[in-house]
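Undergrad: Once you've had a glance at the structure underneath, I'll fire off some questions.
The values are calculated or read from the model by the stated rules, or taken from the named source; none is laboratory data. Worth saying up front: this structure is predicted, and the values here are computed from it rather than measured. Cβ placement follows ideal geometry from the backbone for every residue including glycine, while neighbour counts extend to all protein chains displayed. In case anyone asks, the SASA skips ligands and DNA or RNA and just uses the protein heavy atoms, side chains included. Shrake-Rupley method; radii C 1.70, N 1.55, O 1.52, S 1.80 Å.
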Amino acid sequence: MLIRLGYDIQFQIPTSVAMVALLSIHPSRACDLLEPDELKTEPELKVTHYIDSFGNRCSRFVAPRGLLRLSGSTLIQHSDEPDEVNLSAGESPVGDLPDEVLSYLLNSRYCEVDRLSNIAFELFGNAGPGWSRVQAICDWVHSKVSFNYQHARPTKTALDVYTERVGVCRDYQHLAIAFCRALNIPARYATGYLGDIGVPLRLPMDFSAWFEAYLDHRWWTFDARNNQPRLGRILMATGRDASDVAMTTSFGQADLCRFFVVSEVEEAAIPG
């Protein structure tokens, strides 16, 4: 199927500020793009691009004082199948993991593996290894944590989520990631588009968070918030946790005043 992706994000800038944006489709999906995936700025600014240490495509620019608008739209070819499931996918001994995967077993800004290790073993130590264990973690987090935008805050960590049992999609994933790492299953944070395709419509739309677990020598998609395979999940960036994949980072004050995201099946691609 064809999926139309887009965003319109606006800021009030009190004084000139340097910014980095992670608003591009992940390089691994570049071959599926049917239109250019370009960041547009108003006013028009010089924008440069680079690939960060996690393999994400980043945009860099300096915004002047006043209203800043970041926008983009593209079309992507995507499978009409939901997220892959492999119930037989197994864990790898830590000694056999690739070097580049080891960092996804460690503490990070929002995932305190050391402080959640005992809890993880108590809850999931007896679960079947591999896919079954990761799914047990997702089931537990999904059932124990309540979704509520009013309880979102940028400083909330996995331990906070475990204690408070409420949060937004990134909080669900941080707790699941920390539990996986505590059980020696590499896990990384992922963000991107997840439109309401094949499920009841929820508005307003936002960028979404999920996580990936390393099983059977590859990364697999899991989602502790929705906890079901979904259609139309489009990756933008991965990292150790949300601190590595912020949609925009300003090195100074930038006040958000508009945020719009769209991900929907292109009408022309619907049969009949």
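Undergrad: Looking only at segment 98-117, count every residue that is more than 12 Å from Tyr162 (Cα to Cα), in a helix (DSSP H, G or I), without any contact (Cβ under 8 Å) to a residue 60 or more places away in the chain and not acidic (Asp, Glu) and tell me the total.
TA: Number of matching residues: 0.
Undergrad: Sticking with this one: Given the options Ser92, Ser59, name the one that is surrounded by 12 or more Cβ atoms within 10 Å (Cβ to Cβ), of a type outside the set (A, V, I, L, M) and within 20 Å of the chain's Cα centre (by Cα).
TA: Being surrounded by 12 or more Cβ atoms within 10 Å (Cβ to Cβ), of a type outside the set (A, V, I, L, M) and within 20 Å of the chain's Cα centre (by Cα) holds for just one of Ser92, Ser59, which is Ser59.
Undergrad: Hey, could you check segment 118-128 for residues that are assigned to a helix (DSSP H, G or I) and not charged (D, E, K, R) and say which is nearest to Ile177 (Cα to Cα)?
TA: Top of the filtered list is Ala120.
Undergrad: Looking at Asn107, Asn86 in this structure, which one is at pLDDT 95 or above, within 12 Å of Cys180 (Cα to Cα) and polar (S, T, N, Q)?
TA: So the residue among Asn107, Asn86 that is at pLDDT 95 or above, within 12 Å of Cys180 (Cα to Cα) and polar (S, T, N, Q) is Asn107.
Undergrad: Then there is this: Take the residues in segment 200-213 that are in contact with a Ser or Thr (Cβ under 8 Å, 6 or more places away or on another chain) and in a loop (DSSP other than H, G, I, E, B); name whichever of them is least open to solvent (accessible area, probe 1.4 Å).
TA: Of everything passing the filter in segment 200-213, Phe207 is least open to solvent (accessible area, probe 1.4 Å).
Undergrad: Further question on the same structure: Kindly indicate which of Ala224, Ala246 is open to solvent by 20 Å² or more (accessible area, probe 1.4 Å), under 20 Å from Glu112 (Cβ atoms) and not hydroxyl-bearing (Ser, Thr, Tyr).
TA: Only one candidate qualifies: Ala246.
Undergrad: Identify the single condition in (1) under 19 Å from Ser243 (Cβ atoms); (2) open to solvent by 10 Å² or more (accessible area, probe 1.4 Å); (3) at pLDDT 95 or above that Val161 does not satisfy, given that it satisfies every other one.
TA: (2)
Undergrad: Can you find a residue in segment 185-199 that is open to solvent by 20 Å² or more (accessible area, probe 1.4 Å), in a strand (DSSP E or B) and of a type in the set (S, T, N, Q)?
TA: Taking every residue of segment 185-199 in turn, none turns out to be open to solvent by 20 Å² or more (accessible area, probe 1.4 Å), in a strand (DSSP E or B) and of a type in the set (S, T, N, Q).
Undergrad: Could I ask something else about it? Go through the residues of segment 172-182 one by one and say whether even a single one is in contact (Cβ under 8 Å) with a residue 24 or more places away in the chain and either open to solvent by 20 Å² or more (accessible area, probe 1.4 Å) or in a loop (DSSP other than H, G, I, E, B) (or both).
TA: No: zero hits.
Undergrad: Looking at Phe61, Phe54, can you tell me which residue is touching a Lys or Arg at 6+ places or on another chain (Cβ under 9 Å) and outside any strand (DSSP E or B)?
TA: Phe54
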